[in-house]
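See below for the structure under consideration.
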Amino acid sequence: MPSIPISRRALTVRLAAIPIGIAAAGRITATDNQEGDTQTGEGLSNSSQAIHQEVTFGATAERVYRALTTTKQFDEITRLSNAADLLASPGAKPTSISAEPGGLITLFGGYVTGRNLELLPNERLVQAWRAGGWPPGAYSIVRFALSVAGGGTKLVFDHRGFPDGQGASLAYGWRAHYWAPLAKFLSQK
């Protein structure tokens, strides 16, 4: 299938607009802002779920960043998680993480796909991210911010724009499939 060239700036702008479009879909009609409403008179929703998690690792920001952005290292992290079976399932795709803004990511055997939106080494990673079971075209935005915390690294994580009703499952998944195996991985090396 031929690819259509698109500039990084255009891609970033389009992908950044996805969560806004998702939140707005189905909420086009403005309502009066009565007590208990989750919309303002302008159609702005106040009910979208978001995930905010903070985790501290006993490793440098450089090591944490590399683990999240290097194909081989992230594949090892996946193998330490309870999602490792996704790598061996029929039709599984290999882990792949581009080192470029706009580059593709394929994680957990292809169950998670997306693009890097921003790569600021050792400080921040922002991705357009989607899970395989989501409706076509549904993407969310994940943001990993790293900072020094004592002798380690504090990771502040935010996830927004995912489909309604997915919050609890995703919040659990980040802890079980990212933070716990990442901590194990970082303690091994």
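Please treat every number below as a calculation from the coordinates, not as lab data. Quick caveat: nothing in here was measured; it's all calculated off a predicted structure. Cβ atoms come from the backbone with ideal geometry, glycine included; neighbour counts cover every protein chain shown.
Which of the residues belonging to the stretch 142-189 are under 12 Å from THR60 (Cα atoms), hydroxyl-bearing (Ser, Thr, Tyr) and crowded, with 17+ Cβ neighbours inside 10 Å?
Passing the criteria: only THR153.
Does the stretch 89-136 hold any residues that are within 20 Å of LYS72 (Cα to Cα), surrounded by 18 or more Cβ atoms within 10 Å (Cβ to Cβ) and aliphatic (A, V, I, L, M), and which are they?
Across the stretch 89-136, the qualifying residues are ILE97, ILE105, LEU107, VAL112, LEU119, LEU125, VAL126.
Within 11 Å of the chain's Cα centre (by Cα) and either of a type in the set (Gly, Ala, Ser) or closer than 22 Å to GLN53 by Cα (or both): is that true of LEU117 in this structure? Can you show your working first?
On the way: within 11 Å of the chain's Cα centre (by Cα): yes; either of a type in the set (Gly, Ala, Ser) or closer than 22 Å to GLN53 by Cα (or both): yes.
Answer is yes for this residue.
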